[in-house]
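Take a look at the structure set out below.
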Number of protein chains: 6
Amino acid sequence: MARPDGRQPDQLRPVTLTRKWSIHPEGSVLVEFGETRVLCTASVTEGVPRWRKGSGLGWVTAEYSMLPRATTTRSDRESVKGRIGGRTHEISRLIGRSLRACIDLKALGENSVVLDCDVLQADGGTRTAAITGAYVALHDAVTWLGERKALAGKPEKVMHRSVAAVSVGIIGGEPRLDLNYAEDVTADVDMNVVCTGDGDFVEVQGTGEAGVFARDQLDALLDLGVLGCMELTEAQRKALS
Amino acid sequence: MARPDGRQPDQLRPVTLTRKWSIHPEGSVLVEFGETRVLCTASVTEGVPRWRKGSGLGWVTAEYSMLPRATTTRSDRESVKGRIGGRTHEISRLIGRSLRACIDLKALGENSVVLDCDVLQADGGTRTAAITGAYVALHDAVTWLGERKALAGKPEKVMHRSVAAVSVGIIGGEPRLDLNYAEDVTADVDMNVVCTGDGDFVEVQGTGEAGVFARDQLDALLDLGVLGCMELTEAQRKALS
Amino acid sequence: MARPDGRQPDQLRPVTLTRKWSIHPEGSVLVEFGETRVLCTASVTEGVPRWRKGSGLGWVTAEYSMLPRATTTRSDRESVKGRIGGRTHEISRLIGRSLRACIDLKALGENSVVLDCDVLQADGGTRTAAITGAYVALHDAVTWLGERKALAGKPEKVMHRSVAAVSVGIIGGEPRLDLNYAEDVTADVDMNVVCTGDGDFVEVQGTGEAGVFARDQLDALLDLGVLGCMELTEAQRKALS
Amino acid sequence: MARPDGRQPDQLRPVTLTRKWSIHPEGSVLVEFGETRVLCTASVTEGVPRWRKGSGLGWVTAEYSMLPRATTTRSDRESVKGRIGGRTHEISRLIGRSLRACIDLKALGENSVVLDCDVLQADGGTRTAAITGAYVALHDAVTWLGERKALAGKPEKVMHRSVAAVSVGIIGGEPRLDLNYAEDVTADVDMNVVCTGDGDFVEVQGTGEAGVFARDQLDALLDLGVLGCMELTEAQRKALS
Amino acid sequence: MARPDGRQPDQLRPVTLTRKWSIHPEGSVLVEFGETRVLCTASVTEGVPRWRKGSGLGWVTAEYSMLPRATTTRSDRESVKGRIGGRTHEISRLIGRSLRACIDLKALGENSVVLDCDVLQADGGTRTAAITGAYVALHDAVTWLGERKALAGKPEKVMHRSVAAVSVGIIGGEPRLDLNYAEDVTADVDMNVVCTGDGDFVEVQGTGEAGVFARDQLDALLDLGVLGCMELTEAQRKALS
Amino acid sequence: MARPDGRQPDQLRPVTLTRKWSIHPEGSVLVEFGETRVLCTASVTEGVPRWRKGSGLGWVTAEYSMLPRATTTRSDRESVKGRIGGRTHEISRLIGRSLRACIDLKALGENSVVLDCDVLQADGGTRTAAITGAYVALHDAVTWLGERKALAGKPEKVMHRSVAAVSVGIIGGEPRLDLNYAEDVTADVDMNVVCTGDGDFVEVQGTGEAGVFARDQLDALLDLGVLGCMELTEAQRKALS
């Protein structure tokens, strides 16, 4: 069974990471995984939230959102509904945790960085594209802080690891890398894998969307996820060099 | 006193209108007035809100929003605050009224179009760029409906007028066209002019931001606003041809 | 075509400004434009919002609201709906801007005044009545501050201009002053004009409710609006003397 | 110890009930208990809420609110805070229950009446003034329905009882009728008594604000409350005749 | 007419007060009035709300809530609805006032206690059970503070009174003590009586749910309420000894 | 390094599943994993949400919440804050997905079941205890529907799998089963494993709380998680027999 866009099962969609897409933020990256397009910006503010003051530690947090017509049919804005949905909350928290795994908050010093990941166009894998792009935006923001002598440690110490993420899934019994929307809705199992540039895991989330999955299926998905993250790590390195 | 970007007082910033920027919406335009960048999408749904059912009339509405880091410093998301601010409300209403002025709701038939205007980058004039871009997105959406034989009247009857908008202001006594952010914050008077392609007014909103203004100043601003709208109308015509 | 209440096209409705309508506020005015009845109160507090502290400047803001049955049919309360509607926001902001145009915030010193404009009965022109009445309430509140030696400048310097507002519109081709509700809903063009006592403009907002308008129509409406504001200024002077 | 306004312990403040204060509502009464001033309007709509449809029964409900500067210091609007406070909820429910006690919902037929009680000026006893005024507004609304032949029963059957309310309290050991604000804040015990025109109880709510109270104190307060309600009943009869 | 559970008209349901039901709170009591089951916890924090700082006085407040399926049919969660209902507000306020009546806030010193009363199962009388149980939880929390030398006065001075509450009502003309749900919905008059251990009243709230009530009925209900509170006081004493 | 409560690394805390803990719900289970105590109720309603009507499919959803003092320090209620937090949303969604994995929605027919999981006391593992208990409550609710001949398929077909969940983590390099709170806060890696009674995976969520984790660590945690789920499955079987 061929993939809708003719890819091999273990092939990523074309990935682009466009740095400095916006003029205002300290870091800004337009990340594209095929037709999925996410604008990741990193906003620096001096100081940290009140509960963290005096700790010597910095703070990194993330907010994910979709434009109402990023998807095939329009969704109501969460600002209009007056409340943030469960899916948005869940993804924002995942991005935040993933990015905090690649940063040394002590070396960051008492600075705060907010990573805004706004999905301009969605075609599957928005949360993993967001993590992959946000890493590059965060890297640029930390460099910006370093240039201003505003870090407690050296920039390379602050960003002591890289982090990237990809979705994997099983469709018709076949494990596949980087699902697009058409694949995502038909997947039996869906997993998001977040890895460091060294191939260690930061986060693993697997769900039997339409059923359950056995240990050997889980193992195959993890292998594929690590493979994808390694390629994305390489794309991040190129973008940052 | 020269303008910050060296323009003549009656000169627009470079304007681009990129159609089909997104793959999902029935109409989508990335409009740029210099560094101001707004994504305007038109989303069609069959039918109208309950209170309008059976009237034979269509419905067009607009929602304006800014990404949190579209601006020089980050703003909190309205979805996180749980409420929409007064400025957002005010601008969404202005865009909706302006677009309804250029469409024959009877010829549209019982279809609804939502115009989402999301500011990806702000440098003054976001509301007028949004109106100018949303007109083109709406035009594409109406063409799309026409191709599906879903209109009550002919497409050219539905879009019986074009509409464009521009800001004008007085800075240091000089009337200027299409203010960028640096000019906007120092303007004594600030006015938004919304015109049809025939040079009639759809909406006029003038505010003495830092003082008051005399009738001759108002007249000069109106002249300049009409002039700017005529140029924008021409840009819309080119984009649509 | 006669007006519903037999007025001349350039004739205001009977205007009354009842000062000290309430016992608690530092300024309180019941303003009536015909059947439209708005209670304007000015509440003084020492100090200014946090973001303005130490600036030496005062602060004036306004909140507009309608009682649920001020209108012909009952509207749900915004407190019950849990959110403020776009129209309310828009009008509150207009009133605030208009009143700040007539006050010297430096001479006010670090004092805050909130102008609450609650519509007890609506028959068109509620926002313009509110501005006209709120000016008188603000004047009384500034006098009150002056009596307590709490101003940074002299009272007459604080209130260095007067401000009044009126609606104008075109009905059946005829420009008319101070529309009541029956006229408002049938107007082709609707404009609110806010002027100082010297006839300068503070704010001009014109909307083609049912179509568009040409420059000569706009000019006729502006003439009429200034005329109306001058009469209202006279009424304010009498009330304050 | 004399009362602040020189009244006898068992003396009401001057009471006025001004019918038809507003032009739009089916019933509208400005009720004044001394300086306390509440606008009570009765809004009729045909039909009942969904959960009551087909029952043959009508529905009466009430909403209480205070203007922000009805009090000596300004309170934030509940619409701005985005939520209704506990006190407002509690009073709205009390008014609703009290008015439903005086109306035969079967004879009302499937009509709904909303009683809006907006405090324009507060000086103690706002909830009891609201109940007393709302009864008269409801009576007018029922008469209005009767004139349109829209009731299931005869008007006099619909309004089969009258209802009035008054506050009583103990200050310095002395039971007093109809406390004003200055007395209310110093009362040891505070009680609201809602009675029918026949002297039966509809609702009794007593609170030991600053301590507790014995049975004989409770008895004295009940006597005083019934006495006050009888006088208010007489004022309602006069207003309605 | 026998009671649904065979009790005498003046007989309470079996009452149990289980202290230390939870391991975390400073005081925690599972109170049961028959099938009604409320978890009352007392949470201590050092310090008081900002508006009370430096007063030397402590603060006690209460929050009441029902689990969604505490009742025969499921209710939506107030957290999901995004707002607290009127009934919840009303009961939380009643519990808070009642508990503050039994505590000397000066002797408590600048400490705060929140009493959370969560109804795990409802069968009538949840608010009175909550008050009765919360007293015991508060007592334990004060003892806990005393053991840590954190009170301004002696523990027995802090808790200078006990407080208990019970519902009474008239069903088919008969006054009954401690209504269960089946009785509550058929009651003509419903009253909640809150008493100190000495038989004084803290709060009395009577409502003619389905009609009105005469003075002798009110007297009979008060007698019954005091009787019930005395028995509950005895149960509290046993639980605390 | 010994565990705080002396358990072996692969040992569960004492597990109890008390059925019919509440009288009203169609299924109700108090589940305890050591000191963690969650009340799981299953509420049945006929019919399904509007968007699912006519599909022949049933619906199962879950809501998770914590009592404010379930934890060592009190948390504000989400109903008081007016919004549901990200953690609550995330867990509610996880429970809902897990339970839907064990039920045949076609055999359920057009019935809805809401699973409310309210944490009465928290000591780590509340979400996994909730899933484990909710399965039993759902089973009882399906049996209840079966007894009323309200299912589209046979009860054993509706509940075609069992589901249980447990947390695992690495502390000081050692993989451990069923972490309590003291262990949870010190874990380097934290994973929740949801399994069917046959040992297949429903959901796997692993997070490097304080660092990252290698593939062999992940494998060890998965082994331990499956082991724990098998024991919990046995406890569920006993409870249901």
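Quick note: the coordinates plus some simple rules give every number you see, no bench work behind them. Since this is a predicted model, take the numbers as computed values, not measurements. Heads up, the Cβs are rebuilt from the backbone with ideal geometry, glycines too, and the neighbour counts pull from every protein chain shown.
Just a few scattered comments:
- Here the ratio of the Cα radius of gyration of the stretch C:41-160 to 2.2 N^0.38 Å is 1.14.
- Inter-chain Cβ neighbour count for A:71-79, averaged per residue, equals 5 (cutoff 10 Å, partner chain atoms only).
- All C-alpha to C-alpha distances of chain E, sorted into 10 Å bins beginning at zero, yield P(r) values of 8, 32, 35, 19, 6, 0 percent in whole numbers.
- Table column - 3J(HN,Hα) (Hz), the stretch F:135-150, Karplus curve with 6.51, -1.76, 1.60, x for Gly and Pro: 4, 5, 5, 5, 4, 5, 5, 5, 4, 4, 5, x, 4, 8, 6, 9
- Taking amide H atoms as placed 1.01 Å from N in the peptide plane, the amide H of E:Gln11 lies under 5 Å from those of E:Leu177, each 5 or more residues away in sequence or on another chain.
- Applied to the stretch C:176-192, the Karplus parametrisation 6.51 cos²θ - 1.76 cosθ + 1.60 on θ = phi - 60° returns per-residue 3J(HN,Hα) values of 10, 9, 6, 5, 8, 4, 4, 6, 4, 6, 9, 6, 7, 10, 9, 9, 10 Hz, with x for Gly and Pro.
- Among D:Arg161, D:Arg77, D:Arg148, the largest mean-square fluctuation in a Gaussian network model of chain D, built with springs joining Cα atoms closer than 10 Å, belongs to D:Arg148.
- Cα centroid separation, the stretch D:13-64 to the stretch C:18-50: 25 Å.
- Over the stretch B:196-238: Rg over Rh, Cα atoms, Kirkwood Rh: 1.06
- Estimated translational diffusion coefficient (Stokes-Einstein, Kirkwood radius over Cα pairs, 20 °C, 1.002 mPa s) of the stretch B:90-203: 142 µm² per second.
- Convex hull projection area averaged over all views, the stretch F:1-109, Cα basis, nm²: 10.1
- Considering only F:Gly146, F:Val113, F:Val168, the residue lying farthest towards the positive end of the dipole of the stretch F:111-191 is F:Gly146, judged by Cα position with unit charges set on Cβ.
- Mean ellipticity per residue at 222 nm, deg cm²/dmol - from DSSP H runs of n ≥ 4 across the protein assembly as shown, formula -39500 (n - 2.57): -10000 deg cm²/dmol
- For F:Val60, the residues whose modelled amide H falls within less than 5 Å of its own, excluding neighbours fewer than 5 places apart on the same chain, are F:Val113.
- Restricting the calculation to Cα atoms, the stretch B:160-241 yields a radius of gyration followed by a Dmax of 13.0, 43 Å.
- Computed about its Cα centre, the charge dipole of chain C is approximately 1080 debye, with only Lys, Arg, Asp and Glu carrying charge at their Cβ.
- Pairs of Lys in chain C closer than 18 Å at Cα, counting only those 8 or more apart or on different chains: 6
- The separation of the stretch D:187-241 from the stretch E:100-129, counted between C-alpha centres, amounts to 28 Å.
- Span per principal axis, largest first, for the Cα atoms of the stretch B:79-121 (Å): 39, 20, 17
- Other-chain or far-sequence residues with amide H under 5 Å of D:Met66's (modelled H): D:Val119
- Label-to-label distances for D:Gly56 across copies, nearest first, come out at 4.3, 4.3, 6.7, 7.8, 8.0 nm, using points 7 Å from Cα in the beta-carbon direction.
- Inter-chain Cβ neighbour average for residues E:18-28, partner chain, 10 Å: 4
- Top of D:Ala101, D:Ala150, D:Ala62 by mean-square fluctuation, Gaussian network on chain D, Cα under 10 Å: D:Ala150
- Note on the stretch F:99-153: Rg/Rh from Cα positions, Kirkwood definition for Rh, rounded to two decimals, is 1.05.
- For the stretch A:154-159, 3J(HN,Hα) computed residue by residue from phi via the Karplus equation (6.51, -1.76, 1.60; θ = phi - 60°) reads 6, x, 5, 6, 4, 9 Hz, glycine and proline entered as x.
- Helix D:86-100 axis versus longest C-alpha principal axis of chain D: approximately 60°, rounded to the nearest ten.
- Cα-based Kirkwood hydrodynamic radius, the protein assembly as shown, one decimal, Å: 35.4
- Expressed in Å, the radius of gyration and Dmax of the Cα atoms of the stretch A:1-63 are 18.2, 58.
- Projecting the Cα atoms of C:Met159, C:Val202, C:Leu17 onto the charge dipole of chain C, computed from C-beta unit charges around the Cα centre, puts C:Met159 farthest toward the positive end.
- Taking chain A as a Gaussian network of alpha-carbon nodes connected by springs under 10 Å, the highest mean-square fluctuation of the residues A:Thr45, A:Thr88, A:Thr73 belongs to A:Thr73.
- With contacts taken as Cα pairs under 8 Å at a separation of at least 6 residues, chain C carries a relative contact order of 21 percent.
- With all pairs of different C-alpha atoms in the average, the Kirkwood value for the hydrodynamic radius of the stretch C:57-111 is 13.0 Å.
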